[in-house]
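Participant: One structure coming up, written as structure tokens, with questions to follow.
The values are calculated or read from the model by the stated rules, or taken from the named source; none is laboratory data. Given the structure is predicted, the values throughout are model-derived calculations rather than measurements. Methodologically, a virtual Cβ is constructed for each residue, glycine included, from the backbone with ideal geometry; neighbour enumeration extends over all protein chains shown. All accessible areas refer to the heavy atoms of the entire protein, side chains included, with ligands and DNA or RNA removed. Shrake-Rupley method; radii C 1.70, N 1.55, O 1.52, S 1.80 Å.
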Amino acid sequence: MKTQKQIQSDYDVVIVGGGIVGLSLACELAATDFSVAVVERNELKAIADVPDCRVSAINRFALQRFKQAGAWRSPLTKRACIFDKMFVWDQTGAGQIQFDSVELGVPELGVIIENYVLQHILLETVRSADNISCFCPEQISSIDYQPQAGGQSVSTLELSSGKRLSATLLVGADGAKSKVREIAAIQRSQQSYQQQGLVCNVATAESHQNTAWQCFMPTGPLAFLPLYNGCSSIVWTLDEESAQSRMALDDEEFKRVLAEQSQYRLGEITDLSQRYLFPLAHGHATEYVRQGLALIGDAAHSIHPLAGQGANLGIADAAVLADVIIAAKMAGRQWSALHTLSKYQRQRKGANRVMEMSMTGFKELFGQDNAVLSELRNAGLSLVDHLPALKYRIIKQALGA
Ligand SMILES: Cc1cc2nc3c(=O)[nH]c(=O)nc-3n(C[C@H](O)[C@H](O)[C@H](O)COP(=O)(O)OP(=O)(O)OC[C@H]3O[C@@H](n4cnc5c(N)ncnc54)[C@H](O)[C@@H]3O)c2cc1C
């Protein structure tokens, strides 16, 4: 990310953070009459031949928005693996549930894509938009945010290269440790799950069948997400101690333990990439908006990755924020005013909070090594599998409908 098409310093919207969520908002605003700048501190790494370990399950809603914004035309979309089934089972019993796109009457449930490849795809659209400038890699030296009650606020950002940008709307898409949130003095709850997410890519003896596999076990969920090259990306949630001991295993032993724990659902593990750990936490900002300021994505909320929804919620934030400010501008209203931005907060905060609480509840329910709970869980999974209406309601939420 490097181009600065217009040498200008005054922007309608400055987005701090060019992760998946910040770039999603930039794509939403491409080809509108907003002038937009994206400031990202890290250079995006070049596309490598082998798949990266950080991947996301991107739902149908997000895919549709990318398609509408014209971002899903890139040849890089070949790196996205369509999944049309989801299979969830409980390791401690016979409970299982399956979601199938055919049953739901949709062409796919979503795609699994490497995070940085998705960023490249979104960036292609952003780069080709005349109304967007990218400042990357660029550190922010200071942000001067002076809200004007009732009037139009203007924030000024000073970059380490010496450039100064002004923004009518400052958007924090800068992740869980958001500087924009800090500048606006918005509080955020933060709670560690005391768990780590162990991620790596694996080759398996049996095909992944374009299915997202998820096994709930007392130690935490283990997901196998299908990749475009036939391999799978795993996300294994473990308590701190188990995570360290699994990391310490040599490759052969790790492959054996992983195959055993996944009950050989995809057969033996035949190959393995490097393994990485990510500490897992959840948190929520008390507010998403201020006069002339909005938070989206992980800057506003983060959840347990067990249902692969964090990035999807952020992409939905970006879509709703864009809809709200575009509609307000078209109607000649104060598009960056608190009362306008509050509409975005009203639409997203409740939905994100429900998802955060559901993930925490799931984690507690499936994290119990208790015989009674285990029986209830297993009966519940199988029961829902036989109740199409309830099953449909659950999957609709996961698809972002
Ligand atoms: C193990 C694991 C698996 C996951 N799997 C899934 C999944 O399958 N599906 C899903 O939807 N979600 C998943 N998630 C969640 C998802 O990864 C995050 O919710 C999502 O990446 C958040 O995106 P973001 O753009 O809001 O924040 P980030 O990805 O944190 O991006 C923030 C960006 O801002 C930049 N930045 C920060 N500070 C500054 C600054 N001062 N100046 C300039 N730039 C700055 C950073 O460099 C970064 O590029 C998973 C998470 C984990 C931990």
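Participant: Of all the residues that make up the range 205-256, how many are closer than 17 Å to residue 275 by Cβ and open to solvent by 20 Å² or more (accessible area, probe 1.4 Å)?
Facilitator: Matching residues across the range 205-256 total 20.
Participant: Looking only at strands (runs of 3 or more DSSP E) that fall completely inside the range 179-239, which ones have 2 or more residues that are closer than 30 Å to residue 294 by Cα?
Facilitator: Those strands (runs of 3 or more DSSP E) span 188-204.
Participant: Restricting attention to the range 19-58, which residues are within 12 Å of the ligand (Cβ to nearest atom) and either in a strand (DSSP E or B) or touching a His at 6+ places or on another chain (Cβ under 6 Å) (or both)?
Facilitator: Hits for the range 19-58 are 37, 38, 39, 55, 56, 57, 58.
Participant: Go through the range 59-169 and tell me which helices (runs of 4 or more DSSP H), entirely inside it, have 2 or more residues that are in contact with a helix residue (DSSP H, G or I) (Cβ under 8 Å, 6 or more places away or on another chain) and open to solvent by less than 70 Å² (accessible area, probe 1.4 Å).
Facilitator: Filter on the range 59-169 gives 60-68, 115-128.
Participant: Something else about it: Which of the residues belonging to the range 279-315 are under 18 Å from residue 192 (Cα atoms), more than 8 Å from the ligand (Cβ to nearest atom) and β-branched (Val, Ile, Thr)?
Facilitator: Of everything in the range 279-315, just one residue is under 18 Å from residue 192 (Cα atoms), more than 8 Å from the ligand (Cβ to nearest atom) and β-branched (Val, Ile, Thr), namely 286.
Listed here are the residues, each with its yes/no results for (1) of a type in the set (S, T, N, Q); (2) within 12 Å of the ligand (Cβ to nearest atom).
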| position | (1), (2) |
| --- | --- |
| 120 | no, no |
| 137 | no, yes |
| 141 | yes, yes |
| 168 | yes, no |
| 178 | yes, yes |
| 189 | yes, no |
| 204 | yes, no |
